[in-house]
Amino acid sequence: FQAEDGIRDRSPSRGLGDVYKRQPLWVPLGEAAQIDDAVDAVRNAMRQSPNAALAKAALQHLHTRVMAPLSSALAGISHLILAPDGKLNLVPFEALIDAHGDYVLQRQLVSYVSSGRDLLRLAPPLTPSSPPTILAAPDYGPGKPFEALPGAMTEGQQVQRYLPQAELLTGPAASKDAFSRLVGPSVLHVATHGFYAQSSQQATSASPPVAITPTRGMFIDSLDSALPSMPVSAQGDDFDALDRAGLALANANLNAAGIVTAREIAGMNWSGTQLVVLSACETGVGAVVSGEGVYGLRRALLLSGAEAHVVSLWNVGDSSSLALMNAFYAELARGTGRAEALRRAKLSLLLLPRFAHPFYWASFIPAGDWRPLHPSLFAKAQRTP
C-alpha cells in the first residue's frame, strides 16, 4: 500500500515527490485459498440478480479477510493505491463493507496499479498525438450475439459535450478500421459490448450470471462456439487470454473484422493518451497470473502506453453505465482527479435507490495515473480566422 493525501491532489504537475514514502509493512492476511473463496463469493453475488443481503454479507466477509487486518496501518490515510495479486484483481476494494456498515468508497479514495513499478510511469506526461475520440453504439449488423445499446449512443453524445474537441464515431463509423488508426488520442472513450471468453477450465468452475437486461456484455463459455470466426491460439495458456478478451465494433455480428482483441490493443500506440475508458462489460477481467496482474484488456491497455484507464469487473447495465459516465466526466471537467472523479460518480449513484446496489456502480475501477486531466481537453478548439 502507498498512501497519499488525496484532498490536496489537484495539480496536474504533481509527481512522485509528493507521495509519502514509508518503509514496507508486512501484514499476514491468512490462507490464500480462503481469500480466494471470499472473492468468489463476492463475484457470485454480482452475477445474480441484485440481492442486497447476499452482496452485503460477501462484501463484509472479504473486508474482514483483507482490509480489517490493515485498519491500524491505514488510519488517517485518504488515498489507497492498490497493486492486488491473484483473484484480488477481480474485486473492487472500494465496495467492501467495513465493521461500521460503510463502503470503503465512503471513507477513502481507491485507485489501482498492476505493480509498484507502474508508479514510475507517473513521470512528466507525454504529449498526445491526436484529439479525444469517442466510439459509441456501433452498428453490429443483423443477428446475435451483440444487440443494440440505446444508452451507449446517448452516452457518447453526453461525453462529447464535455470534450468538445472529440470526434464521435457511431454506427458503421465505429469500426475496427477506425479504431486501429488511432494514435495517441488524448482521451479514448468506448461504449459498446465487451467480452472475456473463459478457457475450458474456467468455464467449468464458474456459474453463468442471471441476465440483467440490457447489459453491455455476454457470458461466453467457449469463444470458438460463440464467435466461430475468431482466431484463438491453440496453446491455451494464460497469455492466450489476450485473444479471449475484446470489444465489439461495427459488423461484429457478421465476422471477426468487427472484433478487436486485447492482443491487438496491446499493439496500439497510445503513448500520450491521458485516459482510456472502456464502458463495456468485463473489460477488467481476464486470466489471473500471479505477480503479473490480469491478462486481458487491462494488460493490453498497460502495454499500449495509456496513462490511465477505467475498466469493469462484471456485466454492467446500459442505463447505470450512462448515469455513471455522465457524472464521471462532469467531475473531470471540474478539474477533479481521474480516480477521485470516478469515486464521486459512484457516490452519486449510491444515493439513487435504483442504482444503490453495488452491482450498478462498483464494477468500474480506475487504474494508473489518478491526477486530473489537462484542462485544455474541456475547452473548445480555437478556430483560425
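The values are calculated or read from the model by the stated rules, or taken from the named source; none is laboratory data. Note that this is a predicted model, so its numbers are computed, not measured. Every residue, glycine as well, gets a Cβ built from its backbone with ideal geometry; the counts of neighbours run over all protein chains shown. These accessible areas exclude ligands, DNA and RNA; they are computed on the full protein's heavy atoms, side chains included. Shrake-Rupley method; radii C 1.70, N 1.55, O 1.52, S 1.80 Å.
For the reader, a short list of remarks on this structure follows.
- The single condition from (1) open to solvent by less than 20 Å² (accessible area, probe 1.4 Å); (2) within 18 Å of V311 (Cβ to Cβ); (3) of a type outside the set (K, R) that L96 fails is (2).
- Test: residue in segment 176-185 that is open to solvent by 10 Å² or more (accessible area, probe 1.4 Å), among the β-branched types (V, I, T), under 30 Å from R338 (Cβ atoms) and modelled with pLDDT of 55 or more: yes
- Residue within segment 270-292 that is over 25 Å from L54 (Cα atoms), under 15 Å from the mean Cα position of the chain (by Cα) and assigned to a loop (DSSP other than H, G, I, E, B) present: yes
- One residue stands out among those in segment 315-326 that are open to solvent by less than 10 Å² (accessible area, probe 1.4 Å) and within 13 Å of the chain's Cα centre (by Cα): the one that is farthest from L188 (Cα to Cα), which is V316.
- Qualifying positions in segment 220-253 - of a type in the set (A, V, I, L, M, F, W, C), assigned to a loop (DSSP other than H, G, I, E, B) and either surrounded by 14 or more Cβ atoms within 10 Å (Cβ to Cβ) or modelled with pLDDT of 95 or more (or both): L227, M230, V232, L249, A250, A252
- Test for L373: is it of a type in the set (A, V, I, L, M, F, W, C), out of contact with any Lys or Arg (no Cβ under 6 Å at 6 or more places or on another chain), part of a loop (DSSP other than H, G, I, E, B) and surrounded by 24 or more Cβ atoms within 10 Å (Cβ to Cβ): yes
- Per the conditions (1) without any contact (Cβ under 8 Å) to a residue 24 or more places away in the chain; (2) surrounded by fewer than 19 Cβ atoms within 10 Å (Cβ to Cβ); (3) in contact with a Phe, Trp or Tyr (Cβ under 7 Å, 6 or more places away or on another chain), the sole criterion not satisfied by A345 is (2).
- Residue in segment 292-313 that is polar (S, T, N, Q), touching a strand residue (DSSP E or B) at 6+ places or on another chain (Cβ under 6 Å) and open to solvent by 20 Å² or more (accessible area, probe 1.4 Å) present: no
- The residue of segment 135-161 that is nearest to R334 (Cα to Cα), among those that are touching a residue at least 40 places away in the same chain (Cβ under 8 Å) and open to solvent by 60 Å² or more (accessible area, probe 1.4 Å), is P150.
- Scanning segment 162-175 for residues that are buried (at least 18 other Cβ atoms within 10 Å of the Cβ), assigned to a loop (DSSP other than H, G, I, E, B) and polar (S, T, N, Q) returns a single hit, S175.
- Close pairs from segment 68-89: first farther than 18 Å from F364 by Cα, partner among the acidic types (D, E) and part of a strand (DSSP E or B), Cβ under 9 Å, at least 6 apart: I77/E4; S78/E4
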